[in-house]
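Below: the structure, in structure tokens.
The values are calculated or read from the model by the stated rules, or taken from the named source; none is laboratory data. Predicted model only: the values in this text are computed from it and were never measured. Glycine gets a Cβ as well: all are built from the backbone with ideal geometry, and neighbour counts include every protein chain shown.
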Amino acid sequence: MARFIVRYRGKGAKPEGAVQRLREAAGVHVIDETRRMLLVEGPEEVIRSAFGDDDWVIEAEQVYRIPEPRPSIKRRPD
């Protein structure tokens, strides 16, 4: 299941009515939440339909691999 970052870019805290609609949507799980953002898991179309307002930005979560901090020497096969 896909994860999405949902950010409220309007003034003040995010509207609780919209958040409640999302919580009640079938197949959607709110994983984490801050004053202006949510980390949500579920079908994209259901998540987008919960927010009909232009004050919300919905983007797919991106995961990056942390690079190895130290270079290493690789051995040649004998």
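Observations on the structure shown:
- Some residue of the range 50-59 being in a helix (DSSP H, G or I) and of a type outside the set (F, W, Y): yes
Table: residues versus (1) within 13 Å of M1 (Cβ to Cβ); (2) surrounded by fewer than 10 Cβ atoms within 10 Å (Cβ to Cβ); (3) touching a residue at least 24 places away in the same chain (Cβ under 8 Å); (4) touching a helix residue (DSSP H, G or I) at 6+ places or on another chain (Cβ under 6 Å).
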{"residue": "R35", "(1), (2), (3), (4)": "no, yes, no, no"}
{"residue": "P43", "(1), (2), (3), (4)": "yes, no, yes, no"}
{"residue": "F51", "(1), (2), (3), (4)": "no, no, yes, yes"}
{"residue": "E59", "(1), (2), (3), (4)": "no, yes, yes, no"}
{"residue": "R65", "(1), (2), (3), (4)": "no, yes, no, no"}
{"residue": "R75", "(1), (2), (3), (4)": "no, yes, no, no"}
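- Only one of A50, A26 that is small (G, A, S) and out of contact with any Leu (no Cβ under 6 Å at 6 or more places or on another chain): A26
- Residue in the range 1-17 that is farthest from I58 (Cα to Cα), counting only those that are surrounded by 15 or more Cβ atoms within 10 Å (Cβ to Cβ) and either aromatic (F, W, Y) or modelled with pLDDT under 85 (or both): Y8
- Residues of the range 33-78 satisfying the condition of being charged (D, E, K, R) and more than 17 Å from G17 (Cβ to Cβ): E41, E44, E45, E59, E61, R65, E68, R70, K74, R75, R76, D78
- Tally of residues being assigned to a strand (DSSP E or B) and free of Cβ contacts under 8 Å to residues at least 12 places away in the same chain across the range 5-33: 2
- For the range 60-78, the candidate set comprises residues that are among the hydrophobic types (A, V, I, L, M, F, W, C) and in a loop (DSSP other than H, G, I, E, B); within that set, the residue that is modelled with the lowest pLDDT is I73.
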